[in-house]
Amino acid sequence: MPIEPPDGKEPTMPASEENEKFAFGLWCLMNRGGDPFGEPVREAMSQVAAMEGLARRGYWGYEFHDNDLWPINAGPREIGKVVATLAKAMDRTGLRCASGTTNLFTHPVFKDGAFTSHDPKVRALAIAKAMRTIDAAAELGAENFIFWGGREGAEVDIAKSPVDGIRRYRDAICFLVQYILDNKYSMTVTVEPKPNEPRGDIYLPTVGSVLAFIATMPAKIGRRVGVNPEFAHVKMAGLNVVHEYGQALEAGKLFELHLNGQNPLRYDQDLSFGSDNPKEGLLLVHMLESNGFDGIIAFDAHPYRVEDNDGVWDFVERNIRNYRLFRDKARQIDADPRIAELLDQIGAASPSLVGRYSAAEAARIKAMKFDPDALATRRLPYERLDQVLTEILLGVNFK
Ligand SMILES: [Mn+2]
């Protein structure tokens, strides 16, 4: 459904759809606005209040870190009690558990890495902590389990070889995936790439790094592991968001994704999705929707530090709203005859002339006659195509 222009009154919320799986990290709502230079500015929000607010605003699920819910030293009884409280809130609200993850970055014990620490006791502690969180996530029905290795990296590479670091990282993930398989948990596992922050450099900085990492795992384990790209992390590396998510999707490894906003090459800003560069957001949603992505769409962002707890809900609403607005715009683009005609002129969907490899096919292709000068004269009206798209995005139509 196209969005009506405001014409004096509030534009209506773009329509929700069956099968959409929007989720938010509880830590995003419970974030009190503290940063390296300033103290928290907001009152604490409980997990249950965060869950209720998400459900009321059309969200399908929530995500959690173990230590958003219980302290690092919590025993099984304390964890069990929290899980029961969450399960009750899920029953009451209908909210689902999208993903769990274990915090392997806040406590000083992880200051030089968790799975990649030099200290074998720290590595074992990290694996034990992850198993406990996996158990809780399974009990809550989590569809996915995320590993974001914020401390898995280095500032001083002479202190730790990346060859050792990455091998330890893989050993840990393989151990934990085997634990998931042995326990017959149905959750998938994703590794979330990020180039830096909090470490000077983090191992597995990009989607391609994670895909290559998965390819080095035994096949039975690797099948269960995918990648969840995060918009801000891609932009921090100065890379192309549509290409990064697209490569994960093409590889069949986009099990879930994190969306937010970010100005390139800066500290991790975690802005609202669509707040930084609407065209980039639109192109990303267009790519996901036109390729039938139906996994978890989770937002991992923070409200502006100036906001109070009412503003947190404005923030929650704008993320889901922007995705749906971009989805409507993506459909307008696909339905626009000017776009269709230009894509046709460009030959975007021309079938291949090269068949499956055989010696005969190779000989046939080699014998084909080509006129490179004539081929080079094909008109490619990308300026016009990009402008039509820009005008659809801006809601104008000059014809
Ligand atoms: Mn994230």
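Quick notes
- Residue list for segment 357-398, filter: at pLDDT 95 or above and of a type in the set (F, W, Y): Y357, F370, Y382
- Restricted to segment 37-53, and to residues there that are among the small types (G, A, S) and in contact (Cβ under 8 Å) with a residue 40 or more places away in the chain, the residue that is most open to solvent (accessible area, probe 1.4 Å) is G38.
- Across segment 246-266, the qualifying residues are those that are touching a strand residue (DSSP E or B) at 6+ places or on another chain (Cβ under 9 Å) and closer than 30 Å to P36 by Cα, and the one among them that is nearest to the ligand (Cβ to nearest atom) is H258.
- Residues satisfying the stated conditions in segment 58-72, i.e. at pLDDT 95 or above and either farther than 15 Å from I296 by Cα or in contact with a Cys (Cβ under 7 Å, 6 or more places away or on another chain) (or both): G61, Y62, H65, D66, N67, L69, W70, P71, I72
- So A98, is it within 16 Å of the ligand (Cβ to nearest atom) and either over 17 Å from R199 (Cβ atoms) or not assigned by TED's automatic domain parsing to the domain that holds D201 (or both): yes
- The number of residues in segment 104-150 that are within 17 Å of F213 (Cβ to Cβ), within 16 Å of the ligand (Cβ to nearest atom) and assigned to a loop (DSSP other than H, G, I, E, B) comes to 4.
- Matching residues, segment 352-395, being out of contact with any helix residue (DSSP H, G or I) (no Cβ under 7 Å at 6 or more places or on another chain), surrounded by 10 or more Cβ atoms within 10 Å (Cβ to Cβ) and assigned to a loop (DSSP other than H, G, I, E, B): G395
- Taken over segment 68-84, residues that are within 15 Å of N103 (Cα to Cα) and either open to solvent by 50 Å² or more (accessible area, probe 1.4 Å) or in a loop (DSSP other than H, G, I, E, B) (or both) amount to 5.
- Of all residues in segment 156-208, those satisfying the criterion of being within 16 Å of the ligand (Cβ to nearest atom) and either charged (D, E, K, R) or assigned to a helix (DSSP H, G or I) (or both) are E192, K194, E197, R199, V207.
- Per-region count, segment 298-320, residues surrounded by fewer than 19 Cβ atoms within 10 Å (Cβ to Cβ) and either touching a helix residue (DSSP H, G or I) at 6+ places or on another chain (Cβ under 6 Å) or assigned to a helix (DSSP H, G or I) (or both): 7
- Among residues of segment 54-77 that are in the same structural domain as R96 (by TED's automatic domain parsing), those with a Cβ under 6 angstrom from a residue that is charged (D, E, K, R) and not in a strand (DSSP E or B), sequence gap 6+ or separate chain, pair up as R57/E317; W60/K21; W70/E78.
The values are calculated or read from the model by the stated rules, or taken from the named source; none is laboratory data. Just so it is clear, the structure is predicted and the values come from calculations on it, not from any experiment. Backbone-built Cβ (ideal geometry, glycine too); neighbour counts: all protein chains shown. These area figures cover heavy atoms from the full protein model, side chains too; ligands, DNA and RNA do not enter into them. Shrake-Rupley method; radii C 1.70, N 1.55, O 1.52, S 1.80 Å.
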